[in-house]
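Visitor: What follows is a structure written as structure tokens; I'll ask about it next.
Just so you know, all these numbers are worked out from the coordinates, no wet-lab data involved. If you're wondering where the values come from, they're calculated on a predicted model, not measured in any experiment. All Cβ positions, glycine included, derive from the backbone under ideal geometry; neighbour counts span all protein chains shown.
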Amino acid sequence: MSKTETQVRKPLERHGLSDDQLKAIFRNMLLQRQLDNRGFQLNRQGKVPFALGSEGHEALQAGAAMAFERGKDILAPYYRDLGLAIGIGLDPYEIMLSIFARAEDHNGGRQFPNHYSSKRAGLMSFSSILAAHIPHAVGAAYALKYRGESGRAVLVTCGDGTTSEGEWHESMNFAAIHKLPLVMLVENNQWAISTPLSMQMAEPNIYKRAEGYGMPGEQFDGFDPIVSYAAVKRAMDRARSGGGPSIVEGVCYRFLAHSTDDNDMTYRTKDEVSEHRKHDPVPLFESVLLDAGVVSAAEIDAMKKDVLRETNEATDKAEAMPYPEASDLYENVYEGAWQPWQ
Amino acid sequence: MATTITMPQLGETVTEGTVERWLKQPGESVEKYEAFVEVSTDKVNSEVPAPVTGTLREILVQEGTTVATGTAIAIIEEVGAVPAASAAKAAAPGSGASATEPPKTREAMAASANLEPVPGFNLPEMPVQHAGNGHARVAPPDASSETALRGVSPAVRKLAREHRIDVRSIRGTGANGRVTAQDVLAAASAGASAPAAAPPAKPAAAPPLKPGTSTYGEPIPGTLIPLTSARRIIAERMVESKHTAPHAWSMVEVDVTNVWKWRAREKDAFERATGYKLTLLPFFIRAVVESLAGFPLMNARFTADGILVERDVNIGIAIGLPTNLVVPVVKGADKLSIKGLAIASGELIDKARRNKLSADDLQGGTFTVNNNGANGSYASAPIINGGQAGIVTMETVVKKPVVTADEAIAVRSMMNVCLSLDHRVVDGYVASGFLADLKKRLEAMGPSGIL
Amino acid sequence: MAVASGSQTMNNVEAVRATLYEAMKSDDRTVIIGEDVGNRGNVFLITKDFIKEFGPQRVIDTPIAEASIVGIAVGMAMEGLRPIAEIQFADFIYPAFNQIVGEAAKTRYRSNGEYTCPLVIRTPYGGGVRGALSHSVSIEALFYHVPGLKIVAPAFPADVKGLLNAAIDDPDPVLFLEHKKTYRLIKGEVPDGHYTIPIGKADVKKTGTQLTVVSYGLYVHWALEAANALEQEGLSVEVIDLRSIRPMDRTAILQSVRKTRKLLIIHEDNKFGGIGAEISAMVAEEALFDLDAPIRRLAAPDVPAMGYALPLEEEYMSSPAEMADSMREMVKF
């Protein structure tokens, strides 16, 4: 018997989550971290030209994903939502197809990596243009309400920087006026490429804007997956039951640079990053679960190995798939084959 | 003076209005800006203020009637004015109470920039004349013989070709006498050389072209020979050479008596052994490559970055064929003996005559030799080939009396050697040095020697 | 569905209204979204009283926010509704440019067909109504460059109905341009019942032999006026109503140019970079040896907009008389 098992278990505020659910959340965080890292490894190997990381968002996204109801809710994410994507049911294989830009990818290799699309999972296609997807989420939420589909809601996400866009404001305004079944999850990682929060807005607490729109707003610790789950669940339940939209703001931190094309040491210090690293949600939650006796060290070890195995299998399988054909460029401009000149 | 009031336009896209209620009756006075009638459209209801002070003289449209905007609805007689006959002045449609609008002339509207060349967009256009009001017109093509074809439209060219009509023989009915497509079609159905189709410009009507009967090899006077690609390329290359390199020219007279004897002694055995004729050419080329070694600037070319002194000596031999001019190249000519040069040049000449030269045969030349004398030429000013520094000719060999070194008169075989040079690369100093050296070497060759 | 029995006379605004009404009645997924479309019934009364019959959930009065009018409609379309978004005046469309060009046009393409955007964006455009700088622009040149979009600009009521139905049925985003001056000015017979006109087909509104005139919108009507006047002078001008800007009917254009050998493009938009440039390039590429005159374009000068003062509006626009002058000159060239 290990030492932890004989220790007094630390009490844990579960917000209704079972042991299995807690383990699933943790596994999601591990898998996100692993897949995230794999992208960078492949980039450094020269196999893929671009990678974009989400380290720091694992708790927020795993918790939010647990609040998402598969087969019912709709997710309108942005490009740092790897954890949410796998959390709502995307396969690591699908993630790797996107990274390798293979023909089999949902987008046929057309989009940058991390720009997922999956009708099956309810994940709306989106572009790289910040905030452009938020009116789409509002329109989708309107469609749900219009059809009288209660019990369904749209979870739309964005970073702190995106909340400066005009379309963010227009979307929140409209959603509130029509009491749409929508949750605006702001993943405030405090950096927008090189722009710190202090230069992005005068009022750093984004959730406070909700009052201006006439809807509820809440802020939570984005490094705590259980609290993240609880906040998003509250908001989603409200939306699903006709209570209208809300803004939930999870505060976390972006540990890595914006992408492989960014050097974050040009605008922040190693010390700042390492100070925040002390709150890295992945090892943090690991010790929380261990301390609470939800998992054993051996289980965690097995979980990590399994996550690595799953990542490796997905990588190898996706890498072996072919690129799209050159002739694929011409497909799906319109329905059917098309020329602008008839 | 009577002022006619028309149905105003109450809204951007409104085209009609309804008279709802007359607020004044005929005979009543009305002040300027006082409402005197109520009209409505499906967008706006409005009281219409009078434009003048006076008396409402006549109502032209009854209440409840809908009319188009601009239709006269009433007449007001201005105070103090002499009553005039009622004249319904129809205003332009859509102009509302148009009595106060400034007049606009058709000329002003026509003087628009719409047919002007577009700023910032450089399109070579046909010459444009501007009429006084600024309305641009396209000038017609000049109908003279030289420019007639230049101004001809693609459709006219195509139709003229298809129907085998000389455009210059057609009288144009287009703007300023332009030959139009319709004119060509009309001429085609009427017959190509009808006397009535005399062109207005000076050249006499050329006879109709019979394409396919006149060629470069068999030119027929009064015809137009279509350009083959070979002739087109020759033309382009010649123009390019002359326009790029400033050509200068020099000549020396060479005593080839001894080398001629050498050739005569060797020619039969050579022909038996190789199958090729032994001409003076390989001897000449041998002397040339030796002179080039001493004057490397003659084996060079001008480039923007500097004068490129070639390392290899590849001698091009200009060969005139009945319909073509080719310059195959003997590569590494400086490494060949006279015999080797004779065989190499013989092969190339043979291939040229049989039209079997490859692209590689024609490339890489650094200096060119032209045996012009075979045709009896005494002196010639050749055009430099392919950006090289010079081209040298052998003219015809003539037996002449010359004054020898010891001031006697002897009959010698004399041959002029001419040099065209690119004056960007070499000047007189180098060129005449080269020629003098070449002369010396040629005069030193033979009568004995090994090929 | 009404069976086509006869026809009715109506103007363009009535044609839009009648078509929208039928679309709302026949398909529950159809919603109309824009500024003042509900209680006001649209500033030209196109959707007057729709809100009474179909309700505010289907006739949505939005805040003043053009980007999200289109963006929200894109989301609706992605999620299975058939939205018809309205931009009150084409001059207001610029904030929505990102959503139209970057999002709607690319939805099918970027998701490789997994998501689509069956969206109609309607907007009144064009001048001649003293609309000045912000109520008169033509916008087709800004958008016709973009693959993934379709653009139509019908000028006759029967075409308005047929093309609006086609746009509503179309599985891809369609920009439906309504020339505001033709709203009440142009009347015509409109067949009863539901019908569509294929997007991408032009219509020869007047046949002729000596010159091809290509135009669309208000200017088709003025070009016809000019061509009819020229007919009295014995000149024969063919007038093609493009109807569809993207895709454009090259077959009809080429067929006509090969017959007349002369091409005059007349459009209200600025000449530089207007759609006439694309037509000119296409005809020069495909039919150079059939041309008996340079291709000409009669279009607006290179100034930002027509002014409010009447001389400024008239100088910018091309009158039927100016069109006749250009046509005559080309026929006689």
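Visitor: Would you mind ranking C:268, B:77 so that the residue whose beta carbon has the fewest other beta carbons within 10 Å leads the list? Before the final figure, lay out the partial values.
Guide: Numbers: C:268 28, B:77 21.
Fewest-to-most Cβ neighbours within 10 Å comes out as B:77, C:268.
Visitor: Answer rounded, prolate or oblate for the protein assembly as shown, using the Cα gyration tensor with square roots of eigenvalues a ≥ b ≥ c: rounded when a/c is under 1.5, else prolate when a/b is larger than b/c, else oblate.
Guide: Numbers: a/c = 3.16, a/b = 1.33, b/c = 2.37.
Here the protein assembly as shown falls in the oblate category.
Visitor: Counting other Cβ atoms within 10 Å, which trypsin sites (Lys or Arg not before Pro) in the stretch A:58-114 have at most 14 and lie in a DSSP loop?
Guide: On the way: sites: A:70, A:72, A:80, A:102, A:110; in loops: A:70, A:72, A:80, A:102, A:110.
Answer by residue number: A:70, A:72.
Visitor: If you plug each phi of the stretch B:405-410 into the Karplus form 6.51 cos²θ - 1.76 cosθ + 1.60 with θ = phi - 60°, what whole-Hz ³J(HN,Hα) values come out, in order, with x for Gly and Pro?
Guide: 4, 9, 6, 9, 9, 10
Visitor: What distance in nm lies between label points placed 7 Å from Cα along the C-beta direction at residue A:272 and residue C:228?
Guide: 7.2 nm
Visitor: Scan the stretch C:160-242 for GluC sites (Glu not before Pro) in coil per DSSP, keeping those whose Cβ has at most 16 other Cβ atoms within 10 Å, and list them by number. Write down the numbers at each step before the final one.
Guide: Working: sites: C:178, C:189, C:225, C:231, C:233, C:238; in loops: C:233.
Answer in residue order: C:233.
Visitor: Calculate, in nm to one decimal, what residue B:40 and residue B:185 gain on full extension: separation in residues at 0.36 nm each, minus their alpha carbon distance. Don't jump to the answer; show the numbers that get you there.
Guide: Numbers: separation 145, 0.36 × 145 = 52.20 nm, distance 5.94 nm.
Between residue B:40 and residue B:185, full extension yields an extra 46.3 nm.
Visitor: Tabulate in residue order the Karplus-calculated ³J(HN,Hα) for the stretch B:264-271, using 6.51 cos²θ - 1.76 cosθ + 1.60 with θ = phi - 60°, rounded to whole Hz; enter x for Gly and Pro.
Guide: The phi angles translate into 4, 5, 8, 5, 5, 4, 5, 5 Hz.
Visitor: Given bins 10 angstrom wide, list per bin the percent of all Cα-Cα distances in the stretch B:227-302, short to long.
Guide: Using 10 Å bins, I get a P(r) of 14, 27, 28, 26, 5 for the stretch B:227-302.
Visitor: Under 5 Å between amide H atoms, partner at least 5 residues away or on a different chain: which partners does residue C:30 have, H built in plane at 1.01 Å?
Guide: C:82
Visitor: Could you give the semi-axes, largest first, of the ellipsoid that matches the stretch C:102-163, computed as the square roots of 5 times the alpha carbon gyration tensor eigenvalues and rounded to whole Å? Display every interim value, and only then the final one.
Guide: On the way: eigenvalues 153, 48, 15 Å².
So the equivalent ellipsoid measures 28, 16, 9 Å along its semi-axes.
Visitor: Roughly speaking, what is the centre-to-centre gap between the stretch C:1-70 and the stretch C:78-155 when only Cα atoms are used, to the nearest Å?
Guide: Between the Cα centres of the stretch C:1-70 and the stretch C:78-155 lies a distance of 17 Å.
Visitor: Which of C:313, A:187 comes first, and how do the rest follow, when ranked by fewest Cβ neighbours within 10 Å? Mind dumping the intermediate values first?
Guide: Working: C:313 19, A:187 29.
So the ranking, lowest neighbour count to highest, is C:313, A:187.
Visitor: If the only charges are +1 at each Lys and Arg Cβ and -1 at each Asp and Glu Cβ, what is the size of the charge dipole of the stretch C:7-191 around the Cα centre, to the nearest 20 debye? If you can, show how the numbers build up before the last one.
Guide: Details: 19 positive and 22 negative charges, 69 e Å.
Using only the charged Cβ atoms, the result is roughly 320 debye.
Visitor: Run through the DSSP bridge list for the protein assembly as shown and note the antiparallel percent, rounded to the nearest 5. The partial results should precede the final answer.
Guide: On the way: 69 of 130 bridges.
Taking every DSSP beta bridge within the protein assembly as shown, about 55 percent pair in antiparallel fashion.
Visitor: Let me ask another. Quick check: from the Cα gyration tensor, does the stretch C:7-191 come out rounded (a/c under 1.5), prolate or oblate? Write out the running numbers ahead of the final one.
Guide: Working: a/c = 1.42, a/b = 1.22, b/c = 1.16.
Since a/c stays below 1.5, the shape of the stretch C:7-191 is classed as rounded.
Visitor: Between C:115, C:216, C:125, which gets the highest mean-square fluctuation from a Gaussian network model of chain C, Cα cutoff 10 Å?
Guide: Evaluated over chain C, the most mobile residue of the options is C:115.
Visitor: Tell me which residues come under 5 Å, amide H to amide H, from residue B:330 once H is placed; ignore anything under 5 positions away on its chain.
Guide: B:315, B:316, B:317
Visitor: Using a 10 Å cut-off on Cβ to Cβ distances, tally the other chain neighbours for every residue of A:145-152 and report the average as a whole number.
Guide: Details: counts 1, 10, 5, 1, 0, 0, 0, 0.
Mean number of neighbouring Cβ atoms from other chains: 2.
Visitor: Looking at the stretch C:7-191, send over the antiparallel percent of its DSSP beta bridges, to the nearest 5. Don't skip to the end; give the middle numbers.
Guide: Numbers: 5 of 24 bridges.
That works out to approximately 20 percent antiparallel.
Visitor: Please give the average number of partner chain Cβ atoms lying within 10 Å of the Cβ of each residue in C:113-120, rounded to a whole number. All intermediate terms of the calculation are to be shown ahead of the outcome.
Guide: Values: counts 6, 11, 10, 4, 2, 1, 1, 0.
Mean shielding by partner chains, rounded to a whole number: 4.
Visitor: Under the classification rounded if a/c is under 1.5, otherwise prolate if a/b is larger than b/c and oblate if not, where does the stretch A:157-204 fall, given a ≥ b ≥ c as square roots of the Cα gyration tensor eigenvalues?
Guide: Values: a/c = 2.84, a/b = 2.11, b/c = 1.35.
In terms of gyration-tensor shape, prolate.
Visitor: Let me ask another. Are there GluC sites (Glu not before Pro) in the stretch A:266-325 that DSSP marks as loop and that have at most 12 other Cβ atoms within 10 Å, and which are they? Could the numbers behind the result be given before it?
Guide: Values: sites: A:272, A:275, A:286, A:299, A:310, A:313, A:319, A:325; in loops: A:325.
Those that pass, being in a loop and sparsely packed, are A:325.
Visitor: Another question about this same structure. Can you pull the mean other chain C-beta count within 10 Å for peptide C:298-304? It would help to have the intermediate numbers written out before the result.
Guide: Details: counts 3, 2, 3, 6, 6, 1, 0.
Partner Cβ neighbours, averaged per residue: 3.
Visitor: Dipole size in debye (nearest 20) for the protein assembly as shown around its Cα centre, Lys and Arg Cβ +1, Asp and Glu Cβ -1? It would help to have the intermediate numbers written out before the result.
Guide: Details: 116 positive and 137 negative charges, 918 e Å.
With only Lys, Arg, Asp and Glu charged at Cβ, the dipole is about 4400 debye.
Visitor: Starting from one equal scatterer on each C-alpha and no solvent at all, send me the Debye-based log10 I(q)/I(0) for the stretch B:220-259 at q = 0.25, 0.28, 0.30, 0.34 Å⁻¹, two decimals.
Guide: -0.88, -0.97, -1.01, -1.06
Visitor: What is the sum of charges, Lys and Arg at +1 and Asp and Glu at -1, for the other residues whose Cβ falls under 11 Å from the Cβ of residue C:57?
Guide: Numbers: positive: A:145, A:147, C:58; negative: C:28.
Neighbourhood net charge equals +2.
Visitor: Cα atoms only, chain C: Rg and Dmax in Å?
Guide: Expressed in Å, the Cα Rg and Dmax of chain C come to 19.6, 59.
Visitor: OK, next. I'd like the antiparallel share, as a percent to the nearest 5, of DSSP beta bridges with both residues in the stretch C:203-332. The partial results should precede the final answer.
Guide: Numbers: 3 of 15 bridges.
Looking only at bridges with both residues in the stretch C:203-332, the antiparallel portion is about 20 percent.
Visitor: Can you sort A:23, C:161, A:145 from fewest to most other Cβ atoms within 10 Å of each residue's own Cβ?
Guide: Lowest to highest Cβ neighbour count: A:23, A:145, C:161.
Visitor: For the charge dipole of the protein assembly as shown, defined by +1 on Lys and Arg C-beta atoms and -1 on Asp and Glu C-beta atoms about the Cα centroid, which residue among A:117, B:323, B:396 has the Cα displaced farthest towards the positive pole?
Guide: After comparing all options, I get B:396.
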